[in-house]
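Remarks on the structure that follows.
The values are calculated or read from the model by the stated rules, or taken from the named source; none is laboratory data. On a predicted model such as this, the values are computed, not experimentally measured, just so you know. When we count neighbours, we look across all protein chains shown, and the Cβ atoms used for this are built from the backbone with ideal geometry, even at glycine. We work out accessible area using only protein heavy atoms, side chains counted, and drop any ligands, DNA or RNA first. Shrake-Rupley method; radii C 1.70, N 1.55, O 1.52, S 1.80 Å.
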Amino acid sequence: LYISIRFSICFLDYKFVFSRLMDKKPLKISFLEVKSKCFKKEFIELYKSKYITLTLRDYGFEKLRNTRQKDIDNALKLSKKYSAKLIIIPDNIDLINKYQIPNSVKVIKSAREDIYIRIGIYSKSIVNIFTTSGPCILPLFIKGSKMIVIRAACGSDGDNINYYKNILGIEEGDQPFLRLGGYYLWNDLFKNIDENTLDFAYKKINQHKQD
């Protein structure tokens with residue numbers, strides 16, 4: 001199976017793609033070419049450091065998929081566990097002040113506006129954390145990058161068990177992205193997610209050989 005990020009915006013036989021992700025046959029992945037323009041001088045010290053990213057979601061629709069304050073708190077605790085920084089990539093800039101974000105956490109607004117900056121930051125992070133949202137797919141196509149999605153199948157109209165089963169052809173508990181460095185923390189299987197749950201997912205990714 002040849003998988004390209006370009007195909008993700010086209011009409012796909014999703015069940016076929018996900019079935020191939022779930023089997024053990026070799027995959028040919030068209031990873032993004034992380035070019036020099038993805039790295040900015042202002043973030044040179046960040047790229048050299050150890051850090052985790054949390055990408056916020058605070059859309060007006062399907063609010064069940066939005067980031068919660070607890071998600072920030074858990075990501076921060078995980079970063080401290082690994083002596084890493086926490087980097088936040090915001091969604092709606094106007095809503096950033098609704099969160100309680102410690103001064104030790106860096107919010108990079110430019111990564112919200114510039115896809116190249118975002119790619120560069122994701123590529124150097126030890127792990128990237130998301131709720132179910134469009135950006136969560138991006139790290140899968142950056143070679144060596146890691147991604148954790150929290151509250152998968154949270155129960156919204158566009159993110160529920162029937163969607164994964166009927167559209168994608170996968171069941172609750174499946175890990176279709178594990179071989180690409182991604183892990184789903186399913187909503188009904190991982191209750192009360194905390195930093196230890198995130199660490200569990202991170203270790204699962206590290207234990208699995210990436211394609």
Just need the relative contact order of the chain here, percent rounded to a whole number, with Cα pairs under 8 Å and 6+ apart.
-> 22
Write down the percent of antiparallel bridges among all DSSP beta bridges whose residues are both part of the chain, to the nearest 5.
-> 5
Label point at K35 placed 7 Å out along Cα→Cβ; residues across segment 116-130 whose backbone nitrogen lies under 19 Å = 116-124
Counting pairs of alpha carbon atoms under 8 Å apart in space and at least six apart in sequence, what relative contact order in percent does segment 29-134 give?
-> 40
For the chain, with +1 on Lys and Arg beta carbons and -1 on Asp and Glu, the positive-most of T197, L64, A153 along the dipole | T197
Work through the residues other than G120 whose Cβ is under 10 Å from its Cβ and net out their charges, Lys, Arg +1 and Asp, Glu -1.
-> +4
Using DSSP loop states and a limit of at most 10 other Cβ atoms within 10 Å to flag trypsin sites (Lys or Arg not before Pro), what is the longest stretch of the chain containing no flagged site?
-> 36-190
To the nearest Å², the heavy-atom accessible area per residue of the chain with 1.4 Å probe amounts to 52
Can you give the FRET efficiency for Y116 and K191, using 1/(1 + (r/R0)^6), R0 = 45 Å, r = Cβ-Cβ distance, to the nearest 0.05?
-> 0.75
Sparsely packed chymotrypsin sites (Phe, Trp or Tyr not before Pro) within segment 26-89, loop by DSSP, other Cβ within 10 Å at most 16 = F31, Y59, F61, Y82
Nearest-0.05 FRET efficiency for K48 and K70, computed from C-beta distance (R0 25 Å) | 0.25
Please tell me which of these pairs span more than 24 angstrom C-alpha to C-alpha: K24/K81; K143/K209; K48/K203; K40/K124; K41/K85; K98/K146?
-> K24/K81; K98/K146
Carbon-plus-sulfur fraction of the accessible area of the chain, 1.4 Å probe, in percent?
-> 51
At q = 0.12 Å⁻¹, base-10 log of I(q)/I(0) for segment 10-121 (Debye sum, equal scatterers on each alpha carbon) | -0.59
Once you have the Kirkwood Rh of segment 52-211 from its Cα pairs, apply Stokes-Einstein at 37 °C and 0.692 mPa s and quote D in µm²/s.
-> 208
Go ahead and run the numbers for FRET between Y14 and N103, Cβ-Cβ distance against an R0 of 30 Å, rounding to 0.05.
-> 0.10
Checking segment 141-187 for chymotrypsin sites (Phe, Trp or Tyr not before Pro) in a loop per DSSP with at most 11 other beta-carbon atoms within 10 Å yields none
Measuring from its Cα centre, the chain shows a charge dipole (+1 at each Lys and Arg Cβ, -1 at each Asp and Glu Cβ) which, in debye to the nearest 20, is 840
In whole Å, what is the distance between the alpha-carbon centres of segment 97-158 and segment 21-57?
-> 10
What 222 nm value per residue comes from the helices of the chain, counting each DSSP H run with n ≥ 4 as -39,500 (n - 2.57) and dividing by all residues, nearest 500 deg cm²/dmol?
-> -7000 deg cm²/dmol
